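Student: Would you mind keeping the following structure in view while I ask a few things?
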Amino acid sequence: QVPLAESGGGLVQTGSSLRVSCTASGRIFSSAVIGWFRQAPGKEREFVALIRWNTGRTNYADSVKGRFTISKSAYNMVDLQMNSLHPGDTAVYYCARGTKDSTIPSDYNTWGQGTQVTVSS
């Protein structure tokens, strides 16, 4: 129920890097899982990465493994560092809060409004 807000999106060229951030209005509870998802036009929302707050456990989609890194940047903030970007990464990126280590969007109950990431060829 704590509001979330994404920031840091933009327009970059293939091969560039970008960091997007998810900021909560208050402290993130230790039991929470914070996930990043993305949605391109005409496609379903897909899992990108997650982090469990109390243990620091992370998980990544195969499509971004080795290129993206999710991490805590503050008590109320999660970053997603995106390297070696290509046009397939173009999407609106959302952060979300849940209670399970899940890759399914419906398992998350609080969502931000999203930030646009566009990668030119």
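The values are calculated or read from the model by the stated rules, or taken from the named source; none is laboratory data. Just so it is clear, the structure is predicted and the values come from calculations on it, not from any experiment. Glycine gets a Cβ as well: all are built from the backbone with ideal geometry, and neighbour counts include every protein chain shown. Each accessible area value is taken on the protein alone, full model and side chains, heavy atoms only, with ligands, DNA and RNA left out. Shrake-Rupley method; radii C 1.70, N 1.55, O 1.52, S 1.80 Å.
Student: List the chymotrypsin sites (Phe, Trp or Tyr not before Pro) within the stretch 51-121 that DSSP assigns to loop and that have no more than 15 neighbouring Cβ atoms inside 10 Å. Mind showing how you got there, number by number?
Tutor: Values: sites: W53, Y60, F68, Y75, Y93, Y94, Y108, W111; in loops: W53, Y75.
Passing both the DSSP loop test and the Cβ count: Y75.
Student: ³J(HN,Hα) across the stretch 35-47 via Karplus (A = 6.51, B = -1.76, C = 1.60, θ = phi - 60°), whole Hz, x for Gly/Pro?
Tutor: So the Karplus estimates, Gly and Pro as x, are x, 10, 10, 9, 9, 9, x, x, 10, 6, 5, 10, 5 Hz.
Student: Another question about this same structure. Leaving out ligands, DNA and RNA, and with a 1.4 Å probe, what % of the accessible surface on the chain is carbon or sulfur? Kindly include the intermediate steps, with their values, before the conclusion.
Tutor: Working: 2950 of 6120 Å².
In the chain, the share of accessible area belonging to carbon and sulfur is 48 percent.
Student: Let me ask something else. Select from V64, S31, Q13 the residue farthest towards the positive end of the dipole of the chain; place +1 on Cβ of Lys and Arg, -1 on Cβ of Asp and Glu, and compute about the Cα centre.
Tutor: S31
Student: Hey, with R₀ at 30 Å, roughly what FRET efficiency would V2 and E46 work out to, going by the Cβ-Cβ distance, to 0.05? Kindly include the intermediate steps, with their values, before the conclusion.
Tutor: Numbers: r = 24 Å, r/R0 = 0.79.
It comes out at approximately 0.80.
Student: Determine Rg/Rh for the chain; Rg is computed over alpha-carbon atoms and Rh is the Kirkwood hydrodynamic estimate from the same atoms. Write down the numbers at each step before the final one.
Tutor: Numbers: Rg = 13.2 Å, Rh = 14.1 Å.
Value, to two decimals: 0.94.
Student: Given a 1.4 Å probe, how much area per residue of the stretch 31-121 is accessible, in Å²? Can you show the working numbers first?
Tutor: Numbers: 4280 Å² over 91 residues.
Heavy-atom SASA per residue in the stretch 31-121 reads 47 Å².
Student: Step through the residues of the stretch 5-22 one at a time and calculate ³J(HN,Hα) from phi using the Karplus curve (6.51 cos²θ - 1.76 cosθ + 1.60, θ = phi - 60°), rounding each to whole Hz and writing x for Gly and Pro.
Tutor: In residue order, the calculated couplings are 9, 9, 8, x, x, x, 10, 9, 8, 3, x, 7, 10, 8, 10, 10, 10, 10 Hz.
Student: Note down the relative contact order for the chain as a percent, whole number, built from C-alpha pairs under 8 angstrom at least six residues apart.
Tutor: Values: 300 pairs, mean separation 44.0, N = 121.
Computed over the chain, the figure is 36 percent.
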